[in-house]
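As structure tokens, the structure follows; a few thoughts come after it.
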């Protein structure tokens, strides 16, 4: 019979192998999400500014239509994943549809900003996302206010202000649109935590797109009809030729679909905190690559501001991780105390 030491060594080896495999899968998910996110952002910027299709709403609607079609095939036709049993008409109208509306506005505003601002500057402005999420969370009681956290948020805000001051091609309209995208996206994140959490809906990457994308497409129909359809149909306010290729649009929409799938895969395999940390890495990577690809000038003042902002975001992620670990330890200690008390006669 094998000795206890030999059995223990094999168990330890299996545990080490499993930990290594999980770590490799997590790093692969992070790398996949960063690459796809950077690809979609640069692809959108190219289509809206360089290629010659300056219609962000139409581009966003193309993404939503493609995601809806692919998700429908996977859920209803191929039956790769089953639909969620908890999504009734009432739940869809009261919980899913509002989130889809926020998602539509967030994508619309974000894509519109690419027409007026550089990719590098937009990534710097996105550093304000934790600030807006925290502010909204404190306002509705979802986050606990502390002076230390407020100071952390002020550091991020000051960094973004310095970066804005140093922006060489500042555009007020583009700045306002991007800030709208940041605020609406923060509202969407908070809404997902509250609304879907109460509904206890079990949605994966495919079923989320299956329910959210069609509603987002419908929400975008009104602004498209009012703002972009007249320009496309009658050539209003268009001073240059418009280019459109089905192949390029399908390729772009495919990247958007894969990005959404990779996003939920990353959260499922790791955590939302890992997503936030990865977002900082992705933003810094995009600032460098976009400056090289689109030849966007970055001033020294802007670099200093972005470093201050990203340092604040990194500290925010670290403090959230520390809080999560302390909460987990307290929960484990309380559970052990309860188990000990229940074992006593």
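General observations
- Coarse-grained scattering of segment 173-232 at q = 0.22, 0.23, 0.25, 0.29 Å⁻¹, given as base-10 log I(q)/I(0) from a Debye sum over alpha-carbon atoms: -1.07, -1.09, -1.12, -1.15
- Fraction of alpha-carbon pairs over 24 Å apart in segment 93-218 - percent: 37
- Additional length obtainable on full extension of the chain from residue 27 to residue 165, 0.36 nm per residue less Cα span: 46.1 nm
- With the simple model of a label 7 Å out from the Cα in the direction of the Cβ, residue 85 to residue 50 spans 5.0 nm.
- Under 17 Å from the residue 142 label point (7 Å along Cα→beta-carbon), backbone N, segment 88-111: 94-107
- Linear extension gain, residue 295 paired with residue 204, 0.36 nm per residue minus alpha-carbon span: 28.9 nm
- Averaged over residues, the count of other Cβ atoms within 10 Å places the peptides 116-124, 81-89, 140-148, 305-313 in the sequence 116-124, 305-313, 81-89, 140-148, highest first.
- Förster radius 30 Å - calculated FRET efficiency between residue 94 and residue 321 (Cβ-Cβ, nearest 0.05): 0.35
- Once both labels are positioned 7 Å from their Cα atoms along Cα-to-Cβ, the gap between residue 225 and residue 254 label points is 3.3 nm.
No lab work stands behind these numbers, since they all come straight from the coordinates. Computed from a predicted model, the values in this text were never measured in an experiment. Positions of Cβ are backbone-derived with ideal geometry, glycine not excepted, and every protein chain shown enters the neighbour counts.
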